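Note sheet for the following structure.
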Amino acid sequence: MSRSAAAVAAGLVLAGVLAALPGPGRRLAEIPGDDHNPVYDVPLPAARIREVGSELPDETTYLLRTPGATPLVAGNLKAAGQLFFAPALPVQDERKARWEVVYRRGALTLQRR
Amino acid sequence: MGLVAGVVALNAVFVAVGYAVLLAVLPRGAAASYAGVALLTGAATTGVGVFIAAILGLHVGVRSFVVVAVLLAGVGLVATRVLGRTQEPPPSARLETAGAVALSAVVCVLALALVGGFRSSPWLDDSWGIWLPKGLALSAHGLDARLFAPNGTYVSFGVPDYPLWWSTVGALGVRFAGDVDARVLDAELAILLVAFAGAVVRLQWGRVRPWVLLWTLALVVASPELLRQAQSGGADVPLGIFFACCALGAALWLGCGDRVALVVCAACGAGAIATKTEGAPEVALLFVVAFAAGAAVVPRRLPALAAAAVLAFASGVPWWLWRAAHDIPSRVPLRDALDPSYLAGRTGRLGDSAASLAGHLVDPTEWLLLVPLLLIACVAGWVLTRRALWLVPAAAVVVGLAFLAWAYWAAREDLDYLLGTSAYRTVTPLALLAGVLLAPIVELLLRLHEPVPVDDS
């Protein structure tokens with residue numbers, strides 16, 4: 001085995017050991033790992049957000065309403081909508097909206113307008 | 001395909017395109033060792049190509065990706081047929097024990113970072129709140145002004161002046177993975193990081209003694225802030241990688257006449273320009289420094305470097321035209337940034353900005369000692385030889401820092417907020433620049449005491 005190959009193998013073995021032990025190696029390897037959802041800044045119903053995204057028709061428009069929510073919650077929901085409700089288009093102008101996504105007291109609902 | 005298979009497949013295409021683009025200048029007999037160089041070249045050129053295709057009206061997706069990949073590969077193959085393949089052998093060197101130890105350390109850190117990249121969801125909300133949604137919109141609607149230009153009817157995206165290479169690559173990752181999986185971004189960042197390390201080693205292998213090269217690389221990849229940002233999902237790491245490789249490519253072209261490095265310089269310059277809005281001025285300043293240095297030492301190599309610069313900036317023109325056509329303002333308007341009376345009224349921001357940015361760069365808990373070591377090595381070389389050329393790498397970092405300080409000075413947002421939320425990552429390109437230039441400077445310092453031919457052109 002060449003010196004390079006031995007060095008690479010040693011590095012991989014060391015990585016395996018570090019990943020198995022508690023400490024920075026394990027943290028860098030992100031063990032335990034995250035799921036496929038974004039790390040929201042505030043607790044949000046991640047599964048429901050995806051569900052609403054799958055319920056919305058592709059070629060449509062929606063208005064997001066977040067009555068009583070903090071700006072951070074509203075901002076996170078706006079981004080989550082742009083991520084999971086696409087290709088539906090988010091609108092500011094209510095007249096253009098065919099659907100309404102409402103977030104109230106932790107619950108997300110979808111209504112046809 | 002799933003996350004792992006999808007991201008791997010996407011990057012396999014990047015590698016293939018990169019090899020095709022590089023084929024004419026690729027030394028024979030060591031193609032596998034250029035995989036990192038090929039991946040960065042392919043990711044930069046293909047991502048920029050698909051982004052331009054989106055500006056021209058195509059949706060970002062597998063179809064536009066295949067079209068662009070085939071076109072780029074075709075250009076590379078035609079260039080090889082016309083120019084022929086180089087007969088140059090690849091620079092080679094023998095790995096010493098000290099280098100082998102450093103290589104083990106680098107591999108260990110990168111292996112952990114790679115695993116972590118596929119297992120982590122980005123911690124930076126810009127990544128899933130701006131970059132990836134923009135990519136998905138490019139995929140669903142193309143570059144639709146209803147979403148990408150502020151208006152009162154539709155909810156448009158934030159920072160509309162930012163170019164969209166990272167969004168494009170993120171959207172391709174999602175398409176290949178088959179799910180809106182936020183981990184796609186961190187997985188791609190991890191792969192780019194590994195490719196970056198591979199490219200830095202390959203481009204300098206045989207020119208810098210391996211233990212110097214690998215220990216300085218170990219400092220780079222073990223930098224806590226790089227590893228932290230590699231799991232942020234943000235665009236600062238790819239910008240930093242492209243910027244640093246553009247600089248390294250320019251340096252190796254000017255110093256050694258390395259044609260692979262010249263292609264990397266052009267491709268990564270284009271990638272940096274298409275990744276974030278500050279990429280274009282940073283790359284422009286980099287070329288200014290490179291031209292100034294090259295004019296003093298190797299003027300015969302400047303025309304080719306100029307061609308690389310023109311290619312890189314030409315790739316940015318379609319986006320700038322689209323922005324102008326849709327009245328997308330810059331986040332830091334040039335009018336403000338060049339207005340002495342405007343700047344004079346807010347001079348307090350300059351010192352705070354410079355101090356904050358420099359503080360991040362020299363903080364050993366963020367970037368270890370990359371920047372201080374580069375500055376010390378440059379000054380040592382200058383003191384020992386009295387040749388101003390030694391100060392060029394330091395000048396590149398200082399000029400970049402001055403540009404960033406100027407941008408924060410001119411920006412309209414609250415300075416504390418702006419610095420607190422972005423200064424730690426806007427310095428990433430400069431830290432990586434220092435990291436990749438440290439090895440050749442240390443090598444040249446060592447050669448001062450062991451007279452050997454330096455110019456291997």
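Side notes on the structure shown:
- Residue match in segment B:223-234 (condition: more than 29 Å from B:THR421 (Cβ to Cβ), out of contact with any strand residue (DSSP E or B) (no Cβ under 8 Å at 6 or more places or on another chain) and surrounded by fewer than 24 Cβ atoms within 10 Å (Cβ to Cβ)): no
- Selection count where residues are of a type in the set (S, T, N, Q) and either surrounded by fewer than 24 Cβ atoms within 10 Å (Cβ to Cβ) or under 15 Å from B:VAL317 (Cβ atoms) (or both), scope segment B:271-285: 1
- Candidates B:TRP382, B:TRP367: the one that is within 25 Å of B:PHE287 (Cα to Cα) and without any contact (Cβ under 8 Å) to a residue 12 or more places away in the chain is B:TRP382.
- Qualifying residue in segment B:153-161 (condition: of a type in the set (D, E, K, R) and more than 30 Å from B:ARG259 (Cα to Cα)): yes
So that you can scan it fast, the table gives a plain yes or no per residue for (1) facing another protein chain (nearest Cβ under 8 Å); (2) farther than 30 Å from B:TYR154 by Cβ:
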| position | (1), (2) |
| --- | --- |
| A:ALA15 | yes, yes |
| A:GLU30 | yes, yes |
| A:ASP34 | yes, yes |
| A:ASN37 | yes, no |
| A:PRO43 | no, no |
| A:ARG48 | no, no |
| A:LEU56 | no, no |
| A:TYR62 | no, no |
| A:ARG65 | no, no |
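- Of B:ALA195, B:ALA187, all but one fail to be within 12 Å of chain A (Cβ to nearest Cβ), in contact with a Phe, Trp or Tyr (Cβ under 9 Å, 6 or more places away or on another chain), small (Gly, Ala, Ser) and part of a helix (DSSP H, G or I); the exception is B:ALA187.
- Hits in segment B:83-124 (condition: at pLDDT below 95 and at the interface with another protein chain (Cβ under 7 Å from one of its Cβ atoms)): B:LEU95
Residue-wise test of (1) out of contact with any strand residue (DSSP E or B) (no Cβ under 8 Å at 6 or more places or on another chain); (2) more than 13 Å from every other protein chain (Cβ to nearest Cβ); (3) among the aliphatic types (A, V, I, L, M).
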| residue | (1), (2), (3) |
| --- | --- |
| A:ALA80 | yes, no, yes |
| A:LEU89 | no, no, yes |
| A:ALA97 | no, no, yes |
| A:ALA107 | yes, yes, yes |
| A:ARG113 | no, yes, no |
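- Members of segment A:67-78 found to be more than 7 Å from every other protein chain (Cβ to nearest Cβ) and under 20 Å from the mean Cα position of the chain (by Cα), listed by number: A:ALA69, A:THR70, A:PRO71, A:LEU72, A:VAL73, A:ALA74, A:GLY75, A:ASN76, A:LEU77
- Verdict on B:ARG146 being touching a residue at least 24 places away in the same chain (Cβ under 8 Å), surrounded by fewer than 24 Cβ atoms within 10 Å (Cβ to Cβ), over 30 Å from B:TRP205 (Cα atoms) and facing chain A (nearest Cβ under 7 Å): no
- Criterion applied to B:LEU136, B:LEU164 was being over 15 Å from A:ALA88 (Cα atoms) and at pLDDT 95 or above, and the one residue passing it is B:LEU164.
- The listed residue being closer than 24 Å to B:VAL180 by Cα and either surrounded by fewer than 16 Cβ atoms within 10 Å (Cβ to Cβ) or at pLDDT below 95 (or both), out of A:GLY68, A:GLY53, A:GLY23, A:GLY106: A:GLY106
- Residue check for A:ALA9: exposed (fewer than 15 other Cβ atoms within 10 Å of the Cβ) and more than 8 Å from chain B (Cβ to nearest Cβ): yes
The values are calculated or read from the model by the stated rules, or taken from the named source; none is laboratory data. The model shown is predicted, which means the values in this text are computed figures rather than measured ones. We place every Cβ from the backbone using ideal geometry, glycine too, and count neighbours over all the protein chains shown.
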